[in-house]
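Here is the structure we will look at, set down as structure tokens.
The values are calculated or read from the model by the stated rules, or taken from the named source; none is laboratory data. Treat the numbers as computed from the prediction; the structure is a model and nothing was measured. Neighbour counts are summed over all protein chains in view; Cβ atoms, including those assigned to glycine, are modelled from backbone coordinates with ideal geometry.
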Amino acid sequence: MARPTLIDDRKMFLTRLRRIKSSVGNMALRTELGWNENRYWKVHSSLAEEGRILKGRGRGGSVQAA
């Protein structure tokens with residue numbers, strides 16, 4: 001089975017985030033996705049740079065769909 005690409009990961013990230021319909025902690029979302037920190041933050045950063053997600057506050061930070 002082929003390893004997911006960044007494009008695949010971005011789609012999965014946004015799909016999960018939209019299902020939540022509010023903000024969610026980064027740790028909670030990362031755990032739900034089952035990703036390691038490097039993979040999560042790579043996708044998070046690419047989406048944030050494009051304005052597709054909004055960063056929030058909190059102990060580990062939070063995120064929501066833009």
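Using beta carbons and a limit of 6 Å, which pairs, at least six apart or on different chains, have the first residue in the range 43-66 and on the phi > 0 side of the Ramachandran plot and the second one loosely packed, with under 15 Cβ neighbours inside 10 Å and modelled with pLDDT under 95?
Once the first residue is on the phi > 0 side of the Ramachandran plot and sits in the range 43-66, its partners that are loosely packed, with under 15 Cβ neighbours inside 10 Å and modelled with pLDDT under 95 give 51/66.
Checking residue 26 against (1) at positive phi; (2) of a type outside the set (Ser, Thr, Tyr); (3) buried (at least 16 other Cβ atoms within 10 Å of the Cβ), only one condition comes out false. Which one?
The failed condition is (1).
Going by what's in this entry, would residue 22 be described as under 22 Å from residue 59 (Cα atoms) and either more than 11 Å from the chain's Cα centre (by Cα) or in contact (Cβ under 8 Å) with a residue 24 or more places away in the chain (or both)? Before the answer, list the steps.
Numbers: under 22 Å from residue 59 (Cα atoms): yes; either more than 11 Å from the chain's Cα centre (by Cα) or in contact (Cβ under 8 Å) with a residue 24 or more places away in the chain (or both): yes.
Judged against the criteria, residue 22 is a match.
Restricting attention to the range 1-19, which residues are loosely packed, with under 12 Cβ neighbours inside 10 Å and free of Cβ contacts under 8 Å to residues at least 12 places away in the same chain? Give the derivation first.
Start the filter on the range 1-19 by keeping residues that are loosely packed, with under 12 Cβ neighbours inside 10 Å, which leaves 1-3, 5-7, 15, 18-19.
Of everything in the range 1-19, those that are loosely packed, with under 12 Cβ neighbours inside 10 Å and free of Cβ contacts under 8 Å to residues at least 12 places away in the same chain turn out to be 1, 2, 3, 5, 7, 15, 19.
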